[in-house]
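Chemist: Attaching a single structure in structure tokens format; questions to follow.
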Amino acid sequence: MKKVFIILIFSFSFICQSFAQTQIKSEVDKTKISTDEALTYKLTITSSEKKITQPKFPEFKDFVVLWQAESSTISFIKEGAKTILVYTFLLAPKNTGKFTIEPTQINLEGKTYTSEKFEIEVILGELSPKALPEEKPFKPKKALPESEVPQITL
């Protein structure tokens, strides 16, 4: 009986710890692409920490960031809240060759978490890398002309 009780306590503490842990995982959809293609880099952070700081992303120096998005989900369970943050980047290669996407890092509660790094091979496609769009920040066009009267959109 004593052994069963000790096993139950150990199992319960292990389960509680697993909910309190932070996990960081990165992935790419391809490790070999041509200059005609784009690569999707996805970072997922799962944590029960109350405050999650901004991760330190790689520079993506060999790629043009065509698009990026962020989503978050908060789940409330018996053990507390769990947050899942997902960052997605669409990357186009600048040149041909073999390139490294360095790991992403995040610091939470004095501990540093590091994701995976990736080796990407870029081969020449039908389009040359010079035909890729310039790296410019996204600026939405104004939908309505400016006026002196405040406008409210619902």
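Condition check ((1) within 19 Å of I45 (Cβ to Cβ); (2) of a type in the set (S, T, N, Q)) across all residues:
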{"position": "F57", "(1), (2)": "yes, no"}
{"position": "V64", "(1), (2)": "no, no"}
{"position": "E70", "(1), (2)": "yes, no"}
{"position": "S75", "(1), (2)": "yes, yes"}
{"position": "V86", "(1), (2)": "yes, no"}
{"position": "A92", "(1), (2)": "no, no"}
{"position": "F99", "(1), (2)": "no, no"}
{"position": "E109", "(1), (2)": "yes, no"}
{"position": "E121", "(1), (2)": "no, no"}
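Chemist: Which residue, of K25, K78, K61, is within 30 Å of L124 (Cβ to Cβ) and of a type in the set (K, R)?
Modeler: Every option except K61 fails the conditions.
Every number here is computed from the coordinates shown, using simple stated rules; none is lab data. Fair warning: this is a prediction, and the values are worked out from it, not measured in the lab. No Cβ is skipped: glycine too gets one built from the backbone with ideal geometry, and neighbour counts run over all protein chains shown.
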